[in-house]
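Q: I have a structure I would like to understand better, so I am pasting it below and will then ask my questions one at a time.
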Amino acid sequence: MIKHLVTSGCSFSDNHDLRWPHFLAKEAGLQLYNYGHGSAGNNWIASSIIYQISKLLHTGVLPEEILVCAMWSGQDRVDSFINTETNNYEKMHQPLNVGMSNPINFTNMEPGHSPRPHDHPEGPGWLVGSMHCSFVNENISKFKRDLISNFYNSELLMMESINNWLRLQWFCQSKNIQLLNLTYMNIWHYPNNMIIDITEPGHPTKRGDANPEVDFNIPLFFETFSQHIGHLYDLLDLDTWSFSGEDFGGLFEWCKIHNKTFGLDGVHPEVVSHADYAKHYLLPIVEKLIARSETKEERIERLMAASLKRDPFIYD
């Protein structure tokens, strides 16, 4: 019987407000461990989930009691781990009280709760964000710009994302843990800054803006294979992926299709939209996964416990 829900993602999954992981856990009656964080990339997502699964297994939790839901982020968000060996290390920190904390470290975070200043001491961690992010600490922004513009290209960014998807897939398979892959929006294409970076702090372009210079008709990455990516795509277990709509959409597209409300930036869904997404889209999928591992009596017990946790002012 599944009892634990392990999730991670970017700002579409973070703990600053109620997001889909919190609503899904309550609806399904599961214990939540969420490591979502604004601007996080796919390295962070895979690494934080594997970390939490390992913790659960080491405390005696059985693999069949764990469900993983990863909401993957933009490919151009390169999560770089820094420590005292990093040049200008002492200048590369942005505390929570002056904006989004960076770097971040899942080993001293309390999963499923909003970050607090002491969760992010000025120590080693992952610098999240893309080369177009606008952090208060300009040293971080410059580091990202120099790193990605000098050492990365779209093909490499795509390869690294697929490698992270496969890393989590293979880890879950090796432990016999159920995995559900989601996306925050359509990332099923080569990275494109005008698309992928729209949720970065301070980014001037919003999806859907009437800007003739923005081309949203980007080829899907499996339509523009190179010899370096085709074999990786073939290794993906697509049965573990769930997309919204016909065009490999994610949470953003689901909210658009169903006329849900967004925040002031026109990109991030509001709390009630997260609740609807969890209840009407994710819950039926998760219920089928849970049903594989529980008896009728266990199902009744779980649903009764979930009904006691539900907030009718948000869910109904």
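Q: Being of a type in the set (Lys, Arg) and farther than 28 Å from LEU220 by Cα is the filter here; which residues of region 249-292 pass it?
A: LYS279, LYS288, ARG292, listed by residue number.
Q: Can I ask one more? Looking only at residues that are surrounded by 15 or more Cβ atoms within 10 Å (Cβ to Cβ) and of a type in the set (A, V, I, L, M, F, W, C) in region 255-270, which one is nearest to GLY74 (Cα to Cα)?
A: Here the answer is VAL267.
Q: The conditions are (1) over 30 Å from ASP146 (Cβ atoms); (2) touching a helix residue (DSSP H, G or I) at 6+ places or on another chain (Cβ under 7 Å), and ALA70 fails exactly one of them. Which is it?
A: (1)
Q: Only one residue in GLY60, GLY36 is free of Cβ contacts under 8 Å to residues at least 40 places away in the same chain and within 15 Å of ASN181 (Cβ to Cβ), so which one is that?
A: GLY36
Q: Give THR59, THR86, THR107 a once-over and let me know the one that is over 28 Å from LYS144 (Cβ atoms), β-branched (Val, Ile, Thr) and surrounded by fewer than 21 Cβ atoms within 10 Å (Cβ to Cβ).
A: One residue alone meets the criteria, THR59.
A quick yes/no check of all residues on (1) assigned to a helix (DSSP H, G or I); (2) surrounded by 14 or more Cβ atoms within 10 Å (Cβ to Cβ); (3) touching a residue at least 12 places away in the same chain (Cβ under 8 Å); (4) not hydrophobic (A, V, I, L, M, F, W, C):
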position	(1), (2), (3), (4)
GLU253	yes, yes, yes, yes
ALA275	yes, yes, yes, no
VAL286	yes, yes, yes, no
ILE290	yes, yes, yes, no
GLU297	yes, no, no, yes
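Q: Output yes when any residue across region 157-165 is at pLDDT 70 or above and assigned to a loop (DSSP other than H, G, I, E, B), and no when none is.
A: no
Q: Next question. List pairs: first in region 158-172 and hydroxyl-bearing (Ser, Thr, Tyr), second crowded, with 20+ Cβ neighbours inside 10 Å, Cβ under 6 Å, 6+ apart or cross-chain?
A: That search, which allows pairs on different chains as well, returns SER161/ASN42; SER161/GLN75.
Q: Would you mind telling me which numbered condition in (1) out of contact with any strand residue (DSSP E or B) (no Cβ under 6 Å at 6 or more places or on another chain); (2) surrounded by fewer than 19 Cβ atoms within 10 Å (Cβ to Cβ); (3) of a type in the set (Phe, Trp, Tyr) PHE23 fails?
A: So PHE23 meets the others, but not (2).
Q: What's the number of the condition ARG19 fails, among (1) at pLDDT 95 or above; (2) under 14 Å from the mean Cα position of the chain (by Cα); (3) farther than 24 Å from VAL272 by Cβ; (4) of a type in the set (D, E, K, R)?
A: With respect to (1) at pLDDT 95 or above; (2) under 14 Å from the mean Cα position of the chain (by Cα); (3) farther than 24 Å from VAL272 by Cβ; (4) of a type in the set (D, E, K, R), ARG19 is out only on (3).
Q: Step by step: first the residues of region 233-251, then only those that are in contact (Cβ under 8 Å) with a residue 40 or more places away in the chain and of a type in the set (A, V, I, L, M, F, W, C), then the one that is surrounded by the most Cβ atoms within 10 Å (Cβ to Cβ). Which residue is that?
A: Applying the filter and picking the extreme gives LEU251.
Q: Scan region 41-51 for residues that are within 11 Å of ILE177 (Cβ to Cβ) and surrounded by fewer than 22 Cβ atoms within 10 Å (Cβ to Cβ) and jot them down.
A: Scanning region 41-51 gives a single hit, ILE50.
Q: May I pose another question? If only one of SER161, SER130 is farther than 24 Å from TYR89 by Cα and surrounded by 18 or more Cβ atoms within 10 Å (Cβ to Cβ), which one is it?
A: SER161
The values are calculated or read from the model by the stated rules, or taken from the named source; none is laboratory data. As the structure is a computational prediction, the values presented were derived from the model and not from experiment. Neighbour counts are summed over all protein chains in view; Cβ atoms, including those assigned to glycine, are modelled from backbone coordinates with ideal geometry.
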